[in-house]
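Rule-based calculations on the coordinates, nothing more; no lab input. Nothing here was measured: the structure is a model prediction, and the numbers come from that model. Don't worry about glycine lacking a Cβ; one is built from the backbone with ideal geometry, like all the others, and counts go over all protein chains shown.
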Amino acid sequence: MTDFHLYHFIWLMSSALGIWFFPIRYQADIITLVTGLFLTIYSPLSALLLFTSSLLVYGLVASKYRSPYVTVLAGIIYCVLQFLLIRGLEIYQYHIGIQIPTVMGLAYYTCRHIHYIIEVFQGHIEPDFRQYLRYQFFLPAIVAGPIHRYANFHRQCNRRRLDKAKVSKAFEKILYGYVKIVVLGNYLLLVIIEPWRATIEMNGLMNLWLKSIQDWTYLYLQFSGWTDVAIGFAVLMGFKLEENFNKPLLARNLIDFWQRWHITLSSWCRDYVFKPVMAYTRKPLLATCTAMVTMGIWHELSLYYIFWGLYHAIGIAIVHKFTKLAGNRNYLKWLTGCRVWTPFARVLTLNYIVLGGLVASLASKLLETA
Amino acid sequence: MKNFADTFYAISNSNIANKSFVQFEATKLKYGKLVEQIGRLTSLFKEYGIASGDRIIVSSNDEEVIITVTCAALANGICTIVVPQDTAEIRANSCIKRSKPSLLIIDQSLQALWQPEGIPTVSIGKQVSRTNSLLKKIVGKKTRGKVYHELVADMPVAEPSLNFSDDQPALFNFTSGTTKEPKGVPITYGSLFAHLATIKRVFNYNSESRILNNMDLAHVDGMIQGPLLALYSGSTLFRPCSLDVQHLQTLIDTVYNEKISHFLTVPTILSLIDRFIEHNDHFEGEHFHHLISVAALLDPGLWGKLQNRFGIRICNMYGLTETVTGGLFCGPGDDFYQLGTVGKPIDMSIQIVDDKFQPVPRGNVGELLVQGDNVFPGYFENREANRAAFHEGWFRTGDLACQDDNDFVHIKGRCKELIISGGINILPGEINEVMIKHPAVAEVATVGLPDSIFQEIVVAAIVLKQGATANEKDCIEYGRGFLERRKVPKKIFFVQELPKGISGKIVIPELLKMIQKPSDETISSNNNGTEIIGLAAEIFNTDKNNLKLEHGPDQIKGWDSMGHLSLVAEVENHYSITLSAREVMNIKSLNDLWSVIQQRR
């Protein structure tokens, strides 16, 4: 646990306890102010970017420009360009001789901006700047998500209450979260297992295979750990955020996996990338590829994650094809009805996912070498 | 059983002075302030020479005023009549004339409209600035020209008389009757407190209870099961918003964020909640105890649906203004609960009789008669109405009922002409009396048509005078000029003649048949709704009987992203239309898809 994480924890805990001393109708705004202050102290650039982008996005959606299509396109292009520019600068900062500090929560609030723009465009949300600031400047979700939805957050603002029965569960969730991040992820995986894996002798592919398993496990521990912390603190503040993981090891196929793993991100990609591309082009494969590559780039702007996205898109297309076939072919119906099918499908799914890291790694290295 | 003196001593205790008695949208009325206001109003009553046994009328937009005045009047043995704000001038004046109040406490706007003559009136309105008030104090007579809040603020706090007897009227409600001859129902101290004791016991109200009831204070369910029940049990009442569709979300959010224990509402609101409120977690948590439906019959379909949806038991109370509010309780205990019934009587006796007042065999339908401490003594100065309403000490409810082998009472209909719309009792005669005065109307008959939201809506069938013309809008506008908002017919049917029996009396079932013929449009839209369900059943490979228009991806297995596209493609092909990308993305249920198709066609 770094110093920053310790300060983050202290800010979260003091806010969660402190807000209840204020009148309930101002509490959500106090969280907004505290979040702004937190960002300004620890990352002024992040505070500035989040505030200006929120102002711009809100200004765009609230403007009564005659073509909502232009507004929505301008908003999305602005968000995507800002994201790519900052990510690009982060990668090439040493090449171009400047040093830029890490922008906190960029990937999360970019998704939230786009979500807001499209939902306003579709008429599901009535723009409200105060409420939008509350949504974007929400301390528990500012550093590591989840990509919570505006409608649910707005509803939570209107029906907040402190439930004594839920307080102990919230502390439990926070504790589990930190155990995942610090004990299992940062200590067990990085300090104990990683050096051990590096010492064992095996061929390159096997090593990459093990590395891929380790990477996925680390990703899970980090993402789900931070989500637990966010959800726990949100409960202490009277909010109920969306769950982000739902037993991903039990996934029976790749589609099922993406409905259980980092749910807020995968559902964001489904709603704001897959569905629009599919609705415009009516080409499911193209829509799936775009959605999965977007998800890859969201993790990191690199060749590795572009191949990773394509690999998952192919996997999803295979699952669709198989499901369709299984509905028509009797032998496949019999096979998928067997008792051993479910455990087999689970092992197959997990191995396909692990293999993804290996394939993407090889493909990106191959391309870079070429 | 506690009476009001006990209740007053309990709330005068300084321990609860800081506790909220009523929480309105933005303000709170604490018990301490209530006691102080009762004291000041006691002085005001003395100033106007009003004593135990007198009557006062209150009508205001300011709910805090209505509640404090009613409580203060109760503490002084004065009977309060709360008249709805939108009462038409003729009816308001009839109510004033019949009840002979010693004082009116009404909004300034009403004073100009009703123009009560010869009755002292305190108007509720904007306060004059304190400087002005001080000047008046010096030069003017104490009470002249001052508005309610100034007057009350200037009064000293006095001890209320607590002088009343059980058979003395505590509240007075005008129910049904006609515009000129409204029937007054006096609720005595005895029946009021007997019934409050019953309700408190049945639903386990205590000082920890947090009651949500935003029904109209002019109706017994709003006043008695609201502020008076909160006062009686030392609990807190929440009135966060008015009772309409626009505030439905606020109402339901209050249940959760204010940790409501008892939520009282009418079937109309339950029906709106079912239609317009998303999510099912509003009643979760250990704080919530009972959802109680009052004032009208709850449709068993809606009842069961909401219970399944929210995972709670919905209790039902049956009663009339004449029985204070209730008498028969369905729930909360298993012994008293059977969906679709009005439960069993508690602290009240019932009889089901035929038209010769002979008890009918069990299971047979007859008129429901009731008797008990909560039953009122008789209509105010209305011998004729009382002769018809009582039989050998039993009150005739006018409802047709039967009792099953397990003693549960089922309501089967009404034997008197009465329309119950959104929990409000409406006598057709009152509407006929107004509509017949329209210059183009020769004959009129008002009936209630079944409605999924309001249970019944008021409609009028009109025969026009020969050569006269009038349209629906004219007639409805005309009705608005004389009737309260909820009594104005929602629809007018122009008919050649009204179906009549040999005696010349209108045959209501025949009239209902005449005006209830479904239109071709309705038939056509129903068929198309079924068609969409058929298409979806084919695409998602499921039985169409299991599908409903409101179903979406959460309810239909196989409606994933690909299924979504397949369904859209099938619909486009079937109806030869092309849906825009925005429309495709916006479809969240079969109903959404159906709406898009309707717009396109």
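Once you average over the residues of A:273-285, how many Cβ atoms of partner chains fall within 10 Å of each Cβ? The partial results should precede the final answer.
Numbers: counts 0, 1, 7, 4, 1, 8, 12, 5, 1, 6, 1, 4, 0.
The per-residue average across the peptide is 4.
Estimated from the Cβ-Cβ distance and a Förster radius of 35 angstrom, the FRET efficiency linking A:Ile200 and A:Leu81 is about 0.20. Counting Cβ atoms of other protein chains within 10 Å of each Cβ in A:163-170 and taking the mean gives 1.
Counting only other chain Cβ atoms within 10 Å of each residue's Cβ, the peptide B:247-258 averages 3.
Placing +1 at every Lys and Arg Cβ and -1 at every Asp and Glu Cβ, with all other atoms neutral, what dipole size does the protein assembly as shown have around its Cα centre, in debye to the nearest 20?
Values: 94 positive and 87 negative charges, 289 e Å.
With Lys and Arg at +1 and Asp and Glu at -1, about 1380 debye.
Given N residues in segment B:401-451, what is Rg(Cα) / (2.2 N^0.38 Å)?
1.62
Distance from the Cα centroid of segment B:53-82 to that of segment B:536-601 is 57 Å (rounded to whole angstrom).
What share of Cα pairs, in percent, lie more than 32 angstrom apart in chain B?
Details: 98799 of 180300 pairs.
For chain B, the fraction of Cα-Cα distances above 32 Å is 55 percent.
Per-peptide packing, taken as the mean over residues of other Cβ atoms within 10 Å, places B:62-70, A:98-106 in the sequence B:62-70, A:98-106 from highest down. Inter-label distance, B:Ala153 to B:Ala17: 2.1 nm, where each label sits 7 Å from its Cα along the C-beta direction.
Applying a 10 Å radius around every beta-carbon, put A:271-281, A:175-185, A:87-97 in order of their mean neighbour count, most first. All intermediate terms of the calculation are to be shown ahead of the outcome.
Numbers: A:271-281: 19.9, A:175-185: 17.4, A:87-97: 11.5.
Put in order of decreasing packing, that is A:271-281, A:175-185, A:87-97.
I need the calculated FRET efficiency for the pair A:Thr40 and A:Leu89, taking r as the beta carbon distance and R₀ as 22 Å, to the nearest 0.05. Don't jump to the answer; show the numbers that get you there.
Working: r = 21 Å, r/R0 = 0.95.
After rounding to 0.05, the efficiency reads 0.55.
Taking 7 Å steps out from each Cα toward its Cβ at B:Ser576 and B:Ser349 produces label points 7.5 nm apart.
Which of the three applies to the protein assembly as shown, rounded, prolate or oblate, going by the alpha-carbon gyration tensor with a ≥ b ≥ c and a/c under 1.5 meaning rounded? Before the final figure, lay out each step's value.
Working: a/c = 2.29, a/b = 1.71, b/c = 1.34.
In terms of gyration-tensor shape, prolate.
Segment B:253-308: which GluC sites (Glu not before Pro) are DSSP loop and have at most 15 other beta-carbon atoms within 10 angstrom? Don't skip to the answer; put the middle values down first.
Working: sites: B:Glu258, B:Glu278, B:Glu284, B:Glu286; in loops: B:Glu258, B:Glu278, B:Glu284, B:Glu286.
Those satisfying the criteria are B:Glu278, B:Glu284, B:Glu286.
By the beta-carbon count within 10 Å of each Cβ, the least crowded to most crowded order of A:Leu208, A:Leu250, fewest first, is A:Leu250, A:Leu208.
Working from the pairwise distances between different alpha carbons, so that the mean of 1/r is found and then inverted, what is segment B:349-410's Kirkwood radius in Å?
Numbers: mean 1/r = 0.0819 Å⁻¹.
Result for segment B:349-410 stands at 12.2 Å.
May I ask which residue of A:Leu236, A:Leu188, A:Tyr176 lies farthest towards the positive end of the charge dipole of segment A:164-236, with charges of +1 (Lys, Arg) and -1 (Asp, Glu) on Cβ and the Cα centre as origin? The residue sitting most towards the positive pole is A:Leu236.
For segment B:538-560, backbone nitrogen atoms closer than 14 Å to the point 7 Å from B:Gln598 Cα along Cα-to-C-beta are found at B:549-550.
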